[in-house]
């Protein structure tokens with residue numbers, strides 16, 4: 001019997017009195033590759049952040065591997081890829097440093113970096129083809145390359161489940177195909193993947209289930225939609241505003257466990 005990675009029951013979220021999620025029931029089992037689809041403002045990203053406990057529910061409940069987010073301790077099991085990496089002032093972080101932060105949830109306090117940590121970081125950089133940029137500041141990279149850094153950070157942690165919030169939006173075709181190839185290998189290894197996407201594109205062959213969110217409710221949950229043209233997907237919208245995450249973003253361990 002497969003393990004349940006996420007289970008949301010009657011999940012509700014409101015912002016300033018306006019309902020964003022309105023009674024979401026969603027279960028993701030180990031080994032599934034679930035695409036969350038929908039128009040901008042439908043609640044897809046809010047749903048992902050609520051599954052992780054990063055956005056608190058105003059009603060209902062969510063469980064991560066059977067535990068409420070506030071009580072979940074095995075954060076190494078979750079690899080989170082936010083929409084964008086925000087790089088600001090302060091001491092510039094290198095690509096390697098950002099990717100290495102994905103190992104923090106696996107490390108004991110005050111433990112020195114191990115050979116396994118270094119190998120995982122090197123493998124993650126190679127997987128996204130950024131080994132030659134490892135020592136460069138992340139600020140010097142293009143938007144697509146920064147997205148690869150976020151993916152590598154998740155890969156370095158060697159989690160059981162990957163949660164990715166629009167990883168292909170605004171990046172070039174090469175990066176999209178690179179992500180699809182990387183995820184295909186992970187899926188063959190039994191990993192679980194939850195993706196927010198506005199179109200399936202090269203990811204389509206690995207998607208096992210499509211969940212369409214419309215106005216904060218689940219409008220479809222089943223086989224992924226069949227392609228009908230380049231961008232014809234349920235709820236597709238060509239305007240894609242994005243949230244940002246700092247280098248010390250959630251689930252890296254730099255700001256503590258999310259609550």
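Figures for the structure shown
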| item | result |
| --- | --- |
| Wholly enclosed helices (runs of 4 or more DSSP H) of segment 114-222 bearing at least 3 residues surrounded by fewer than 18 Cβ atoms within 10 Å (Cβ to Cβ) | 115-127, 173-188 |
| Scope segment 49-91; condition under 19 Å from residue 121 (Cα atoms) and either without any contact (Cβ under 8 Å) to a residue 12 or more places away in the chain or out of contact with any helix residue (DSSP H, G or I) (no Cβ under 6 Å at 6 or more places or on another chain) (or both); matching residues | 77, 78, 80, 82 |
| Filtered residues of segment 148-177 (kept if free of Cβ contacts under 8 Å to residues at least 60 places away in the same chain and in contact with a helix residue (DSSP H, G or I) (Cβ under 7 Å, 6 or more places away or on another chain)) | 148, 152, 156, 168, 171, 172, 175, 176, 177 |
| Residue count for segment 119-160, restricted to those that are in contact with a strand residue (DSSP E or B) (Cβ under 6 Å, 6 or more places away or on another chain) and more than 10 Å from residue 95 (Cα to Cα) | 4 |
| Residues located in segment 22-48, provided they are surrounded by fewer than 19 Cβ atoms within 10 Å (Cβ to Cβ), in contact with a helix residue (DSSP H, G or I) (Cβ under 9 Å, 6 or more places away or on another chain) and closer than 14 Å to residue 220 by Cα | none |
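Here, each number is a calculation from the coordinates, and none is a lab measurement. Worth saying up front: this structure is predicted, and the values here are computed from it rather than measured. Please note: Cβ atoms are built from the backbone with ideal geometry, for glycine as well, and neighbour counts cover all protein chains shown.
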